[in-house]
Amino acid sequence: MKVKVGINGYGTIGKRVAWAVNRQEDMEIAGVTKTRPSYEASTAIREGCPLYAAHAEDVDNFEKAGTKVQGTLDDLLKKVDVIVDCTPGGTGAKNKELYDKAGVRSIYQGGEEHTLAGISFNALANYQEAWGASSARVVSCNTTGLVRTLFPLQQAFGIQKVFASLIRRGADPADKKGAALNAIEPSLKLPTHHGPDVRTVMHGLDIQTMAVVTPTTLMHLHCIVVDLKKEVSEKEVLDVWSRSPRLQLVSGKDGIKNTGQIMELAKDLHRVRGDMMEIAVWKDGVKTIGSTLYYYQAVHQESDVVPENVDCIRAMMKLERDNLASIERTDKAIGLR
Ligand code: NAD
């Protein structure tokens, strides 16, 4: 019997998680919610996802628009083993009581606080912490990106200290809100929250971060400096990353010099929606001086957390004991690697 999964909030992250879940052999989507009868509601139905109204008062709007819903979120909660909350940041906290009352396991996204679930998740770094848990939070796109490259470095060489500058995208491509069109805005509260967020999965890591928001919608870009516990060569670092899951080593020499070209690569690889779920690291942008490592990486904010949600379901539902085995199953099913 497949595990039954619900998605509350079929937006940027929700629709991608629904797609990925439906490609796994051990889980399936039992339903997704929308607040109104938009094009996304119709595409959910077309994708084979039973549609539910997020709130009872939304049902009328769906009926008037001729979009058939199977019921409300309350009805969906009766049909699922786990609900993945993909509502806008802060909304998940308001929904938790509802999920707990229905006796349903719940997964939240990076827009919620760590304290909401008490477990923040990354499949590579701390899969076992979510084993059998009743709730967990998949960390944000930026935190996921930082952990994907830092955790393998910590395992292989040990880390003294990390400093990262995050060049953040101003909005997602389809957003109508977001950063100014022609301005760069630094985060004035320093260090930024990204360092503490990494520590929710890599406990005790000494990491400080700064961030600026820029007028781009494609990807985030990170400039990272790591003091390792031993001297290493660039080759040793690249060897470690080439064996690590969900990383895409790219090269300026091959013509990939910017985030636009990474997005083009994703399209050329026939990735669904043109998503690049791996973190892209520039091979020729890696430099070591003694035990200090410098590198750049790019994060596709709309999709890197998607496979993490699948693995989080597997850990919470005790479907696969080994994290690397879960990662492999997830990635194979969605065409990564
Ligand atoms: P989004 O705005 O694209 O989608 C949210 C969806 O939830 C929309 O379909 C909206 O109609 C629906 N919704 C709004 N209020 C609701 C409610 N009360 N009940 C049910 N549904 C409701 O947002 P998103 O970008 O997918 O973000 C969702 C979560 O994922 C946030 O916590 C965010 O911080 C996190 N996240 C976003 C990104 C990103 O770059 N987009 C990356 C990683 C994590």
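The values are calculated or read from the model by the stated rules, or taken from the named source; none is laboratory data. Predicted model only: the values in this text are computed from it and were never measured. Neighbour counts are summed over all protein chains in view; Cβ atoms, including those assigned to glycine, are modelled from backbone coordinates with ideal geometry. Areas reflect the complete protein model, heavy atoms only, side chains present, ligands, DNA and RNA absent. Shrake-Rupley method; radii C 1.70, N 1.55, O 1.52, S 1.80 Å.
See the values below:
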read-out	value
For V232: the one exception among (1) farther than 30 Å from G170 by Cα; (2) touching a residue at least 60 places away in the same chain (Cβ under 8 Å); (3) surrounded by fewer than 18 Cβ atoms within 10 Å (Cβ to Cβ)	(3)
Residues satisfying the stated conditions in the range 69-116, i.e. in a loop (DSSP other than H, G, I, E, B), under 25 Å from S42 (Cα atoms), away from the ligand (no atom under 12 Å from the Cβ) and open to solvent by less than 70 Å² (accessible area, probe 1.4 Å)	V69, G71, V80, D81
The range 43-68: number of residues that are farther than 13 Å from A30 by Cα and either surrounded by fewer than 22 Cβ atoms within 10 Å (Cβ to Cβ) or within 24 Å of the chain's Cα centre (by Cα) (or both)	17
Selected residue (criterion: surrounded by the most Cβ atoms within 10 Å (Cβ to Cβ)) from residues of the range 1-28 that are free of Cβ contacts under 8 Å to residues at least 40 places away in the same chain and within 15 Å of the ligand (Cβ to nearest atom)	A18
Helices (runs of 4 or more DSSP H) completely within the range 258-337 that count 2 or more residues being surrounded by fewer than 20 Cβ atoms within 10 Å (Cβ to Cβ)	259-268, 323-333
Odd one out for W131, checked against (1) touching a strand residue (DSSP E or B) at 6+ places or on another chain (Cβ under 9 Å); (2) in contact (Cβ under 8 Å) with a residue 40 or more places away in the chain	(1)
Long-range neighbours under 7 Å by Cβ, at least six apart or interchain, first residue within 13 Å of G11 (Cβ to Cβ) and outside any loop (DSSP other than H, G, I, E, B) within the range 170-182, second more than 11 Å from the ligand (Cβ to nearest atom) and at pLDDT 80 or above	none
Those residues of the range 183-207 which are open to solvent by less than 60 Å² (accessible area, probe 1.4 Å) and free of Cβ contacts under 8 Å to residues at least 60 places away in the same chain, in sequence order	A183, S187, T192, H194, G195, V198, L205
Any pair with Cβ under 8 angstrom, 6 or more apart, that starts in the range 139-152 at a residue that is assigned by TED's automatic domain parsing to the domain that holds H193 and ends at one that is open to solvent by less than 10 Å² (accessible area, probe 1.4 Å) and among the basic types (K, R)	R148/R246
Yes/no for T35 being free of Cβ contacts under 8 Å to residues at least 60 places away in the same chain and within 27 Å of T115 (Cβ to Cβ)	yes
Residue selected from the range 117-128 under the condition free of Cβ contacts under 8 Å to residues at least 60 places away in the same chain and either of a type in the set (G, A, S) or open to solvent by 40 Å² or more (accessible area, probe 1.4 Å) (or both), by the criterion farthest from the ligand (Cβ to nearest atom)	G118
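Conditions tested, residue by residue: (1) of a type outside the set (S, T, N, Q); (2) under 21 Å from the mean Cα position of the chain (by Cα); (3) in the same structural domain as H194 (by TED's automatic domain parsing).
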{"residue": "L77", "(1), (2), (3)": "yes, no, no"}
{"residue": "V84", "(1), (2), (3)": "yes, yes, no"}
{"residue": "K101", "(1), (2), (3)": "yes, no, no"}
{"residue": "N126", "(1), (2), (3)": "no, yes, no"}
